[in-house]
Amino acid sequence: MAVSRYSRESGIFSRYCLTLAHPSQLSDYVVEHKVGRLVVTRLCLLPQVQTVRFVQLAMARVLEKVANRAVICADWRDIDVLSPEVAEEVIHMLAVTNAKILQSAILLEPQKATFNLQVERVIANAKNSSRKSFRDTRNMLDWLTEFLEPNELQCAKDFLATSPLANVRGQSAPR
């Protein structure tokens, strides 16, 4: 069973998955306008093209809230290799947001070499030189420092320090 949810008060889009195949997987994604120009996204599971389209819709709605161009802090550490169809849809999803993005940083899990190479190809094909991937939180935050105000940077740090499960449930848990 999957249910999409949007909270008008918090501006959080998320899609909850309760399946027998992934009983501990509570969220495919979270897209949230935190503060100022900062938009955070966490993609945990992209099993099909339709899921990417849900993320794209959520991103479009959240980007409407940002006065100018947004700075994206994305956590893709929990994703595994994408199917070719899903990868193509991710390229499209990233490309259609190019005009609204000032900078975009995507955090990857260092041990997932195949997926990381796939993401590098996706980023290159989305054709936005302001989008970059990282395998280390500190390097990513250092790069974002140039583009974020102190309160935005603190929100990015807090977001990356939580686990996907904690983010969905609104709790804080070390990662």
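The values are calculated or read from the model by the stated rules, or taken from the named source; none is laboratory data. All of these numbers come straight from a predicted model, not from anything done at the bench. Here the Cβ positions follow ideal geometry from the backbone for every residue, glycine too, while neighbour counts run over all protein chains shown.
Out of the residues in the range 46-55 meeting the condition of being buried (at least 19 other Cβ atoms within 10 Å of the Cβ) and of a type in the set (A, V, I, L, M), tell me which one is nearest to I91 (Cα to Cα).
V52
Which residues, counting only those in the range 31-47, are more than 9 Å from F159 (Cβ to Cβ) and touching a residue at least 60 places away in the same chain (Cβ under 8 Å)?
Result: V35, G36, R37, C44.
When you look at K132, is it over 18 Å from V62 (Cβ atoms), modelled with pLDDT of 95 or more, among the charged types (D, E, K, R) and over 17 Å from the mean Cα position of the chain (by Cα), yes or no?
Spelling it out, it is not the case that K132 is over 18 Å from V62 (Cβ atoms), modelled with pLDDT of 95 or more, among the charged types (D, E, K, R) and over 17 Å from the mean Cα position of the chain (by Cα).
Any residue at all in the range 41-56 that's more than 17 Å from V119 (Cα to Cα), out of contact with any Ser or Thr (no Cβ under 6 Å at 6 or more places or on another chain) and among the aliphatic types (A, V, I, L, M)?
Checked the range 41-56: no residue is more than 17 Å from V119 (Cα to Cα), out of contact with any Ser or Thr (no Cβ under 6 Å at 6 or more places or on another chain) and among the aliphatic types (A, V, I, L, M).
Hey, among the residues in the range 56-104 that are among the small types (G, A, S) and out of contact with any strand residue (DSSP E or B) (no Cβ under 7 Å at 6 or more places or on another chain), which one's surrounded by the most Cβ atoms within 10 Å (Cβ to Cβ)?
Among residues in the range 56-104 that are among the small types (G, A, S) and out of contact with any strand residue (DSSP E or B) (no Cβ under 7 Å at 6 or more places or on another chain), the one surrounded by the most Cβ atoms within 10 Å (Cβ to Cβ) is A87.
Select, from G11, G36, the only residue that is at positive phi, of a type outside the set (K, R) and at pLDDT below 85.
G11
Which one of these does A113 not meet: (1) of a type in the set (G, A, S); (2) touching a strand residue (DSSP E or B) at 6+ places or on another chain (Cβ under 6 Å); (3) without any contact (Cβ under 8 Å) to a residue 12 or more places away in the chain?
Of (1) of a type in the set (G, A, S); (2) touching a strand residue (DSSP E or B) at 6+ places or on another chain (Cβ under 6 Å); (3) without any contact (Cβ under 8 Å) to a residue 12 or more places away in the chain, only one is false for A113: (2).
If you scan the range 105-136, which residues turn out to be surrounded by fewer than 16 Cβ atoms within 10 Å (Cβ to Cβ) and hydrophobic (A, V, I, L, M, F, W, C)?
A113, L117, A124
Can you tell me which residues in the range 59-73 are within 11 Å of the chain's Cα centre (by Cα) and without any contact (Cβ under 8 Å) to a residue 60 or more places away in the chain?
The answer is M59, I72.
I need the full set of residues from the range 118-157 which are closer than 15 Å to D75 by Cα and free of Cβ contacts under 8 Å to residues at least 12 places away in the same chain, in order please.
Scanning the range 118-157 gives R138, N139.
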